[in-house]
1. What residue, among those in the range 45-73 that are over 16 Å from K117 (Cα atoms) and surrounded by 15 or more Cβ atoms within 10 Å (Cβ to Cβ), is modelled with the lowest pLDDT?
2. Here are some residues: R177, R149, R167, R245. Which one is free of Cβ contacts under 8 Å to residues at least 12 places away in the same chain, closer than 23 Å to G107 by Cβ and among the basic types (K, R)?
3. Would you confirm whether or not the range 280-289 contains a residue that is outside any helix (DSSP H, G or I) and at pLDDT 95 or above?
4. Just to be sure before I move on: is M89 within 25 Å of V70 (Cβ to Cβ) and within 17 Å of the chain's Cα centre (by Cα) in the structure I sent?
5. Go through the range 258-301 and count every residue that is acidic (D, E) and touching a helix residue (DSSP H, G or I) at 6+ places or on another chain (Cβ under 8 Å).
6. What's the number of the only condition in (1) closer than 28 Å to F115 by Cβ; (2) surrounded by 15 or more Cβ atoms within 10 Å (Cβ to Cβ) that I233 fails to meet?
7. Residue by residue through the range 123-136, note down the ones that are more than 14 Å from V44 (Cα to Cα) and either touching an Asp or Glu at 6+ places or on another chain (Cβ under 9 Å) or in contact (Cβ under 8 Å) with a residue 12 or more places away in the chain (or both).
8. Return only the number of the condition from (1) part of a loop (DSSP other than H, G, I, E, B); (2) at pLDDT below 60 that L390 does not satisfy.
Amino acid sequence: MEKIKHLYWRAGFGLSPTEWQQKREWPISKAIDELFTQARQAQVALPMAEMGLPEDMEKKRENRELFEQVLREEKRRIFEYNVNWVYRMANPKESALLERMTFFWHGHFACKPDFGKLSMQYLNTLRKHALGNFKDMLLAVAQDPAMIRYLNNQQNRKEKPNENFARELMELFTLGRGKYSEKDIKEAARAFTGWSSDLRGDYLFRPFWHDYGSKTFFGKTGNFDGADIINIILERPETAQFIVRKVYKHFVNEQVDEAVVSTLSKQFYQSGYDIGKLMRSIFSSEWFYAPQNMGNRIKSPIEFTAGLMRTVDMKFDQPMGMLFIQRALGQILFNPPNVAGWPGGKTWIDNSTLMLRLNLPGYLFNATEFSLRTKGEFEDEMREKGGRRLSNTLNMGPLSGSIKGSSANDIAAELSKYLLSTQPALPIESYTKELAATDRESIIRQMTLRLMTLPEYQLC
């Protein structure tokens, strides 16, 4: 039971009440097989709109008012894609593993698209390769217009190479800091010259911008292009070690077991960077379910929100409410703080965010108006929508149907097993005292809220 819960929190965003009822006694092997089967059968490419910015306006920007109107519309479209993705994470009918892996790579290959089409196109790139081959993913990301624009590779030309992408490719995406030289960066940047995009938001190689001269990279010399650079990087075992270490910290434990990472890195390298094999190996291992690796991670804001929505089948009446929560908690999809992504771990918790996390279930359960100060476009959008009242709809029916027992203590014990990854500090009976509710449905609602406001609910 605990292992199943652990698996679905790490390989997805928790179990819905129906899933909990159906799968809590499953063998781990059966659950893993189902997760990967669902991922293979899932819809990969999500629909997207074309870029709203006319080509002539991109070139001349003569009509400033219309230009700003188009940009506002593109921003709203990105917000819409953001909300829809969270709903996919929370939806038990979607592939939990595919969404979770895409979410992981979204943090690894951090990017801030400025147009709706670019954001969804980039998301589809990550979805396509999320459980595939890391080499294919790396090449696809390098040729994705969102990343090209974000790291200025459209400005990378033979006359004046731009080193931004080449530097981050090695420092953040593959090797890690200190595993390359400044000369390697300069030579790699030359190899990626001409990798650009057109005004429609599609990848375009511009041959007249490309440096066809000889380049020396990690001791190898040749007329290299970007694909050659990627191949040379992947030949280095340090790349496999860097990726596996990051995967381990996200899915297992921020305190790295060096022996385990070393073994996994060798397997990952020998498999030709097969991501699916790596993840199956992790989820199937005994150490993944060791006590020290369970209930030890602080949920990211997206994990917290999607998991809560999955538990009580919650829908926001106004999408901006969800976006406001992301802003307040410090994680907005498609809007990382920088190319390094979100630090994660204990950085999710400070004095303000902890109090909001503890109080947020109460706000959502009761649609309570509350005051938070945020800046920028999200604050403006909330004002346009009439304030910060988080109007939403809760469907407690599935949760009520999955919980056994009728007494307050029995209900509390069942809910604790389902909702918490670690045991609460006080005996479970202490949370049933002074319950105002008398009927079963009200008891379940009140106890769910009480348990969700515990510090232990912040862990998975």
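The values are calculated or read from the model by the stated rules, or taken from the named source; none is laboratory data. Please read these numbers as outputs of a predicted model, since none were measured by experiment. All Cβ positions, glycine included, derive from the backbone under ideal geometry; neighbour counts span all protein chains shown.
1. Selected residue: M57.
2. R177
3. Yes, there is a match, as at least one residue in the range 280-289 is outside any helix (DSSP H, G or I) and at pLDDT 95 or above.
4. Answer is no for this residue.
5. 1
6. Single failed check for I233: (1).
7. Matches in the range 123-136: N133, F134, K135.
8. Tallying (1) part of a loop (DSSP other than H, G, I, E, B); (2) at pLDDT below 60, L390 fails exactly one: (2).
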